[in-house]
Amino acid sequence: MKMAAPDFARAIDIVRHRHRRTAIAVALASVALIGLGASKLIAHDPVVAAAPQPPAVTVALPVTRQVDEWDDYIGRFAPSKSVEIRPRVSGALTGIFFKDGEIVKQGQLLFRIDPRPFAAALAEARAKEANALSSVQLAKSALARATRLIADDAVSAEEIDTLRANLRAAEAAVGATQAQVTARALDVEFTEVRSPITGRISDRRADIGNLVAGGEASSATLLTTVYALDPIYFTFDGSEALYLKARRDGDAAKDRVEIQLQDESGYRWKGRIDFSDNRLDPGAGTIRGRAIIANPGYFLTPGMFGNMRLASGATRAALLIPDTAIGTDQARKVVQIVGKDNIVATRAVVLGPVIDGLRIVRSGLAPGDRVIVEGVQNATPGSPVTPRTASAATIASAAPVQSPDSAAPIAAQATFSATR
């Protein structure tokens, strides 16, 4: 069925009119939605346009405490005196008067050598002395008689001179025999071997009945040894850098030392430096030193190993901050501080050892600086932050324990002073 042309054109106009009204309605709806959204945005505009808050950080002032700084050394204990007990005379051992390893006193009898041969030699020397004394008396009597006869010209001057010479010879013989008596008496005395010092004795090297040789030290028989243990020495080797540092500190350190044994957690043993060698070992670059330690109970024994710390300078005031607050900027150590305007700044610092989680700051900080101790990752130099104040000591106690800085010649460790 064919449609007339006028009817077809009218149908096309109707369709176009409907599409136009639909497009207008869609456009009006879009405008309405846009207007609604804009009104909502305008209603909430203060929240969206507000600037973000600065990041929050925790700050703390440095802790000021009196501290002692120490340098570390390693060494061993040695006796303050060491004596090898050797006999002065030869003979058979007839007595031993100590127990192996006990403490002996100075002058205590240790060994006895058979004294009978030496007693006989002493008696012989005394007899010779008596004979010489008799010769002196005889010579004196002869000279006295001759002297009385000089006035009568009964004796010649030559005879008088001879008598006087005989008297002098007799007196010299008395001196020789008296010296022999003294020597033989010493031999008898040397048959009793006594300890020359107080200390701990080693075990005996010869038993009763053995023949021992006396005389020079190289040839005499070694009977035992005695070590003086109170006080006791602690010997150690120090590097040239530590030696120079100790010399520059001078008397300020007062040569105070503390020693820790291998099974101890603290430094229990106290003492002082009493000797340093007169030269450095050119091969090792070290110098030998010695400390003296009181040992009244004889607990410390020669050969024991120990860790020693030597006071590095006098007790002084120091600034300390939590070790966790310290960062690294290439080759230097830095901390972040917050200024009065809450702007972050970076400070380069020179550090010392750690005490209970607090790091000593030698330079770079002032007592009033607010150091960022928590939230360092949120702080950017030159940017504002929101600081929250806390105690540096509290932050340090909650932080993990850090190992001490062992770089010499900076002090390896430090302690809070007992008098503060």
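Just list whichever of Lys105/Lys245; Lys245/Lys333; Lys105/Lys128 have alpha carbons separated by over 32 Å in the model shown. Can you show the working numbers first?
Details: Lys105/Lys245 41 Å; Lys245/Lys333 23 Å; Lys105/Lys128 38 Å.
Over 32 Å apart, Cα to Cα: Lys105/Lys245; Lys105/Lys128.
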Given Cβ charges of +1 for Lys and Arg and -1 for Asp and Glu, the option among Val83, Ala123, Ala142 whose Cα lies farthest towards the positive end of the dipole of segment 69-187 is Ala123
Please give the FRET efficiency for Ala348 paired with Lys81, using the beta carbon to beta carbon distance and R0 = 41 Å, rounded to the nearest 0.05. 0.20
In units of 2.2 N^0.38 Å, what is the alpha-carbon radius of gyration of segment 247-362? 1.49
Take segment 187-236, compute every pairwise Cα distance, and split them into 10 Å bins from 0; I just need the percent in each bin. 19, 46, 26, 9, 1
Along the principal axes of its C-alpha atoms, what lengths does segment 151-304 span, in descending order and rounded to whole Å? 98, 48, 33
Kirkwood-based shape ratio for segment 305-379, expressed as Rg/Rh from alpha carbons: 1.05
Segment 170-238, accessible surface, carbon-and-sulfur percent (1.4 angstrom probe): 50 percent
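With a 1.4 Å probe and all protein chains in place, put Arg272, Arg116 in order of accessible area, largest first. Mind dumping the intermediate values first?
Details: Arg272 125, Arg116 170 Å².
So the residues, ranked largest to smallest area, are Arg116, Arg272.
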Please report Rg (one decimal) and Dmax (integer) in Å for the Cα set of segment 128-237. 27.0, 88
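Heavy atoms only, 1.4 Å probe, whole protein assembly: order Val188, Val57 by accessible area, highest first. Can you show the working numbers first?
On the way: Val188 40, Val57 5 Å².
Descending order: Val188, Val57.
The values are calculated or read from the model by the stated rules, or taken from the named source; none is laboratory data. Keep in mind that this is a model prediction, so the values were computed, not measured. A quick note on method: Cβ atoms are made from the backbone with ideal geometry, for glycine too, and the neighbour counts reach across all protein chains shown. Just so you know, the surface numbers come from the protein's heavy atoms only, side chains and all, with ligands and any DNA or RNA stripped out. Shrake-Rupley method; radii C 1.70, N 1.55, O 1.52, S 1.80 Å.
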